[in-house]
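Presented below is the structure to which this report refers.
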Amino acid sequence: MGLFKFSRSRSLWMMHFCTGCGAIEMPPTMTSRYDMERFGIIPMATPRQSDLLLVTGYLTVKTLKRVVRSYEQMAEPKYVIAFGSCTMRGGMYWDSYNTVKELDLYIPVDIYINGCMPRPEAIIDAFIKLRDMIDKGEANAWKNYRDNLDWYKQNQAKVFDINKWSAKI
Amino acid sequence: MAIIIKILEYILIAFGVAILGLIYGGIGRKITARIQNRYGPPFYQNILDVLKLFGKRNEASHGVMFDLGPVIALTGILTSLMFLPLGSSTPLISFEGDIFVLFYLLVVSPLGMALGAGEGANPNATIGIARGLTMMLGYELVLFVSIIPLMIHYDTASFYKLVQMQGTFPNWNFFPFFLSAFAGLIALQGMMGLQPFDVVVAPHEIASGPMVEYSGRFLGLLQLWHAIAVIVETGIIADAFLGNGGAGWFILKTFSLFMIVIMVAAIFPRFRIGQAVKFYWKYPLIIGLLGFLVLFIWR
């Protein structure tokens, strides 16, 4: 069992959901300068194959639907890293009419990276932190989502319905 | 009793070959990283990947055939491993004409994958399958054309006999049949599905093609298939052209071939599917056909 846990933390296949400006920080993280393949993290093409979902910026209600769907397609155990202040408290989109402000209400997040936007060093740091968390058995946000599915679904439905309501006006 | 020992021996070989293939893949990733001026993952990274995939839960399934697809793929490659002489050792099954059987069995794995991925009904998978089967028309022909001169020269269609008859270093088939060997090497590039022939699994274009719907343990089986296929495919070229020898020599030869393929892959972009098949039917096929001339000159 220890071997499985070890391999789980050493081989994270990630899917970056490229919303907002955080996507531009990913190419340097992947390529020669910062090279995240050292830690066994490689980009994967589909949510089915990946373990790690990166939400790289603000989410409109429309995008949130796609994120939730992608997240639910991933096989467990799965982890989420959210980038930048937009995913925490709305950031510069605080008073926007169609962005969500707290990602944590809709899908469970393991690690937030502070900044607007975070530098590749911060991203690498978050990856290592996540690796340590998995080793210690602390990265359990996916269990949280399964246990509190009703609460998450309620929050999602609320925001999707509000969108419908505002479209009517 | 003898058959039980043979079966146990084969299971041991299959495990060994799978782990060897995974390590080859890991070293290949490291070499690619170094070519791209990166540090790269540890050489055992692929083993960790497979372990992780087998440790995942609640994979998506789209039906019985979808689940059986990876199993058929793995079975196909394990069966072709029975026919492949690993160095100078006798393969599990060997008879006159087993080269043809081996080549037929190599097609079973992609077909199994095509059946499985087809049930997933993802458009990307469908495109990937179509490309994979079209690609096979390209490289299979070249591979056959590069091996046929050897079968004519040694007057046998048994792979084991062919390997035994060519002898060790100075008598390698590579030296007289260098044109065929070159064509075989280009066919190997396509057979392993690496650049410039990676149209089948094109992650940024069709989202990893046939594998698009697979996750968890199914993907783990597919990874094992790829790992064993690396050894089988380089092993065919190594056995046919690079003489016979012990297991150590076999590993060295297959590894060198794998390195050549990886280094070519690291610096090439991707053909379109039409370009790839056209390329195969033009240059390597002509080189392979010129290889027949050796039979008239050298014999």
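The values are calculated or read from the model by the stated rules, or taken from the named source; none is laboratory data. Bear in mind that the values here come from a model prediction, so they are computed numbers and not experimental data. All Cβ positions, glycine included, derive from the backbone under ideal geometry; neighbour counts span all protein chains shown.
May I ask you to say which residue of B:P70, B:P149 is more than 21 Å from B:F177 (Cα to Cα) and either under 14 Å from the mean Cα position of the chain (by Cα) or buried (at least 18 other Cβ atoms within 10 Å of the Cβ) (or both)?
Working: B:P149 fails: more than 21 Å from B:F177 (Cα to Cα).
On inspection, the qualifying residue turns out to be B:P70.
Among (1) outside any helix (DSSP H, G or I); (2) crowded, with 23+ Cβ neighbours inside 10 Å, there is one condition B:E233 misses while meeting the rest; what is its number?
Here B:E233 meets the rest and fails (1).
Identify all residues within segment B:23-50 that are among the charged types (D, E, K, R) and either in a loop (DSSP other than H, G, I, E, B) or over 26 Å from B:F255 (Cα atoms) (or both); write none if there are none. Can you show your working first?
Kept after step one, since they are among the charged types (D, E, K, R), are these residues of segment B:23-50: B:29-30, B:34, B:38, B:49.
Selection gives B:R38 alone.
Could you check, for segment B:88-100, whether at least one of its residues is in contact (Cβ under 8 Å) with a residue 40 or more places away in the chain, more than 14 Å from chain A (Cβ to nearest Cβ), of a type in the set (G, A, S) and crowded, with 22+ Cβ neighbours inside 10 Å? Before the answer, list the steps.
The initial filter retains those residues of segment B:88-100 that are in contact (Cβ under 8 Å) with a residue 40 or more places away in the chain, namely B:88-92, B:94-100.
In the following step, the residues that additionally are more than 14 Å from chain A (Cβ to nearest Cβ) were identified as B:88-92, B:94-100.
If we keep only those that are of a type in the set (G, A, S) too, we end up with B:88-89, B:94, B:97.
Narrowing the set further to residues that are crowded, with 22+ Cβ neighbours inside 10 Å leaves none.
For segment B:88-100, residues in contact (Cβ under 8 Å) with a residue 40 or more places away in the chain, more than 14 Å from chain A (Cβ to nearest Cβ), of a type in the set (G, A, S) and crowded, with 22+ Cβ neighbours inside 10 Å: absent.
Filter segment A:23-77 down to the residues that are of a type in the set (D, E), surrounded by 17 or more Cβ atoms within 10 Å (Cβ to Cβ) and free of Cβ contacts under 8 Å to residues at least 60 places away in the same chain and list them by number. If you could, list the steps in order and put the result at the bottom.
Looking only at segment A:23-77, we keep the residues that are of a type in the set (D, E), and these are A:25, A:35, A:37, A:51, A:72, A:76.
In the following step, the residues that additionally are surrounded by 17 or more Cβ atoms within 10 Å (Cβ to Cβ) were identified as A:25, A:35, A:37, A:51.
Once the filter is applied, which keeps residues that are of a type in the set (D, E), surrounded by 17 or more Cβ atoms within 10 Å (Cβ to Cβ) and free of Cβ contacts under 8 Å to residues at least 60 places away in the same chain, segment A:23-77 yields A:D35, A:E37, A:D51.
Does B:G128 fit the bill of being in contact with a helix residue (DSSP H, G or I) (Cβ under 8 Å, 6 or more places away or on another chain) and at pLDDT below 85? Please lay out each step first, then the result.
Working: in contact with a helix residue (DSSP H, G or I) (Cβ under 8 Å, 6 or more places away or on another chain): yes; at pLDDT below 85: no.
No: the conditions fail for B:G128.
In segment B:194-209, is there at least one residue being crowded, with 24+ Cβ neighbours inside 10 Å, under 27 Å from A:Q49 (Cα atoms), more than 14 Å from chain A (Cβ to nearest Cβ) and modelled with pLDDT under 90? Break it down stepwise before answering.
Our first condition is that a residue be crowded, with 24+ Cβ neighbours inside 10 Å; within segment B:194-209, this holds for B:197, B:199-200, B:209.
Then keep just the ones that are under 27 Å from A:Q49 (Cα atoms); that gives B:197, B:199-200, B:209.
Subsequent filtering for residues that are more than 14 Å from chain A (Cβ to nearest Cβ) retains B:197, B:199.
Subset that is modelled with pLDDT under 90: B:197, B:199.
So far as segment B:194-209 goes, yes, one or more of its residues are crowded, with 24+ Cβ neighbours inside 10 Å, under 27 Å from A:Q49 (Cα atoms), more than 14 Å from chain A (Cβ to nearest Cβ) and modelled with pLDDT under 90.
Against the condition surrounded by 22 or more Cβ atoms within 10 Å (Cβ to Cβ), in contact with a helix residue (DSSP H, G or I) (Cβ under 6 Å, 6 or more places away or on another chain) and farther than 18 Å from B:A227 by Cα, how does B:G76 come out, does it pass? Steps first, answer last, please.
Numbers: surrounded by 22 or more Cβ atoms within 10 Å (Cβ to Cβ): yes; in contact with a helix residue (DSSP H, G or I) (Cβ under 6 Å, 6 or more places away or on another chain): yes; farther than 18 Å from B:A227 by Cα: no.
So B:G76 fails the test.
Within segment B:117-139, how many residues turn out to be free of Cβ contacts under 8 Å to residues at least 60 places away in the same chain and touching a Phe, Trp or Tyr at 6+ places or on another chain (Cβ under 8 Å)?
Result for segment B:117-139: 1.
Only residues that are more than 8 Å from chain B (Cβ to nearest Cβ) and in a helix (DSSP H, G or I): list them for segment A:40-62, please.
If the condition is that a residue be more than 8 Å from chain B (Cβ to nearest Cβ) and in a helix (DSSP H, G or I), then A:P47, A:V61, A:K62 are the ones that fit.
When both residues are 6+ apart or on different chains and their Cβ atoms are under 7 Å apart, which pairs have a first residue that lies in segment B:28-39 and is more than 7 Å from every other protein chain (Cβ to nearest Cβ), and a second that is assigned to a helix (DSSP H, G or I) and among the polar types (S, T, N, Q)?
From residues that are more than 7 Å from every other protein chain (Cβ to nearest Cβ), the pairs are B:R29/B:Q45.
Taking the condition of being over 20 Å from B:L257 (Cβ atoms) and hydroxyl-bearing (S, T, Y), how many residues in segment B:152-187 meet it?
Final tally of qualifying residues: 3.
Just checking, which of B:L84, B:L74, B:L53 is away from every other protein chain (no Cβ under 14 Å) and either more than 21 Å from B:F255 (Cβ to Cβ) or out of contact with any Phe, Trp or Tyr (no Cβ under 9 Å at 6 or more places or on another chain) (or both)? Even if it seems obvious, please write down each step before you answer.
Details: B:L84 fails: either more than 21 Å from B:F255 (Cβ to Cβ) or out of contact with any Phe, Trp or Tyr (no Cβ under 9 Å at 6 or more places or on another chain) (or both); B:L53 fails: away from every other protein chain (no Cβ under 14 Å).
That would be B:L74, the only listed residue that is away from every other protein chain (no Cβ under 14 Å) and either more than 21 Å from B:F255 (Cβ to Cβ) or out of contact with any Phe, Trp or Tyr (no Cβ under 9 Å at 6 or more places or on another chain) (or both).
For the structure I just gave you, tell me whether A:R66 is at negative phi and more than 14 Å from every other protein chain (Cβ to nearest Cβ).
On the way: at negative phi: yes; more than 14 Å from every other protein chain (Cβ to nearest Cβ): yes.
Spelling it out, A:R66 is indeed at negative phi and more than 14 Å from every other protein chain (Cβ to nearest Cβ).
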